[in-house]
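Structure first, then comments.
The values are calculated or read from the model by the stated rules, or taken from the named source; none is laboratory data. Everything quoted here is computed from the prediction, not taken from an experiment. Using ideal geometry, Cβ is built from the backbone for each residue, glycine included, and neighbour counts are taken over all protein chains shown.
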Amino acid sequence: MRLPGKTAIVTAFCLALAGGAMAADIDTTGTLADIAGPFGFPETQTIGQTFTPDADQTHLIGFTMYLRDPGQTGSLTGNSLQFQGYIASWNAAQGRADSILFSSTVRTEPASGAPRAFTFTPTLTLTPGQTYVAFLSSVGIGAQLESAFGMPLNGNIIAGHFVYQNEPDVAALTAQPWVTGDYPFNDAWLQVRFGSPTPTPTPAPAGLGLLGLALAGLALSRRARKAA
């Protein structure tokens, strides 16, 4: 019987060290329970969802939020809308964003069309148990034509809340309270994706055990070649 060579054993050892379960993503999409709105200009310019990562959800690699066009949200008026996507820490005691951690480039929602997903790809390290808010906002972009859109809601899926703010400037995002109680049993459609942090070079105890097996395999391979 041919025994595995040195390269195969070392490769298997490296793969075993690199392996591990990926953190579960946060996903509140799927069922349309309600539509929150209007979101746009010049009234409600900030709209979002709070979420709290667990111990495995520390390495955020992207998030997606959704808007529905005016034709599917009752009497909302329609012009295209420019806005940005944000992630901020959330001050639950004061009901507001605490510190802006990410802001995207300007995106545009057309005046008509199918419901759209807006995906952003920041890389952030989050603190387990700390609450954060993902949101869309048109503040700070300047005057636009009057527009209004809706954000699809699901039921109460996660330990978070749909939130919004009516203040017209960026500074108010972290200085003024947001509205948090209008949809107490609904979550905005939100997907937050997590990845694995960069592995440390120090092997874990289980990795050391695998290294021992790899070395034992190499010794056995050498003995087998001598016997031949």
Failed item in (1) in contact with a Lys or Arg (Cβ under 9 Å, 6 or more places away or on another chain); (2) at pLDDT below 95; (3) polar (S, T, N, Q), with Gln84 passing the rest: (2)
Only listed residue being within 30 Å of Ala23 (Cβ to Cβ) and part of a loop (DSSP other than H, G, I, E, B), chosen from Pro152, Pro177, Pro122: Pro122
Set Thr108, Thr127: member being in contact with a Ser or Thr (Cβ under 6 Å, 6 or more places away or on another chain) and among the hydroxyl-bearing types (Ser, Thr, Tyr): Thr108
Any hit, segment 101-119, residues being touching a residue at least 24 places away in the same chain (Cβ under 8 Å), under 14 Å from the mean Cα position of the chain (by Cα), within 19 Å of Thr174 (Cα to Cα) and not in a loop (DSSP other than H, G, I, E, B): yes
Residue match in segment 121-137 (condition: surrounded by fewer than 17 Cβ atoms within 10 Å (Cβ to Cβ), under 20 Å from Tyr66 (Cβ atoms) and at pLDDT 95 or above): yes
Matching residues in segment 171-187 - criterion: being surrounded by 12 or more Cβ atoms within 10 Å (Cβ to Cβ) and either small (Gly, Ala, Ser) or over 23 Å from Tyr66 (Cβ atoms) (or both): Ala172, Thr174, Ala175, Gln176, Pro177
Options Gln191, Gln144: the member that is in a loop (DSSP other than H, G, I, E, B) and either within 14 Å of Ile35 (Cα to Cα) or touching a residue at least 12 places away in the same chain (Cβ under 8 Å) (or both): Gln144
Filter result (over 17 Å from the mean Cα position of the chain (by Cα) and small (Gly, Ala, Ser)) within segment 120-169: Ser138, Gly140, Gly142, Ala143, Ser147, Ala148, Gly150, Gly155
Failed item in (1) under 15 Å from Thr46 (Cα atoms); (2) modelled with pLDDT under 95; (3) in contact with a strand residue (DSSP E or B) (Cβ under 6 Å, 6 or more places away or on another chain), with Ala188 passing the rest: (2)
Yes/no for Ile157 being outside any strand (DSSP E or B) and β-branched (Val, Ile, Thr): yes
Single match in Asp34, Asp69 (criterion: touching a Gly at 6+ places or on another chain (Cβ under 8 Å), modelled with pLDDT under 95 and either crowded, with 20+ Cβ neighbours inside 10 Å or more than 20 Å from Val192 (Cβ to Cβ) (or both)): Asp69
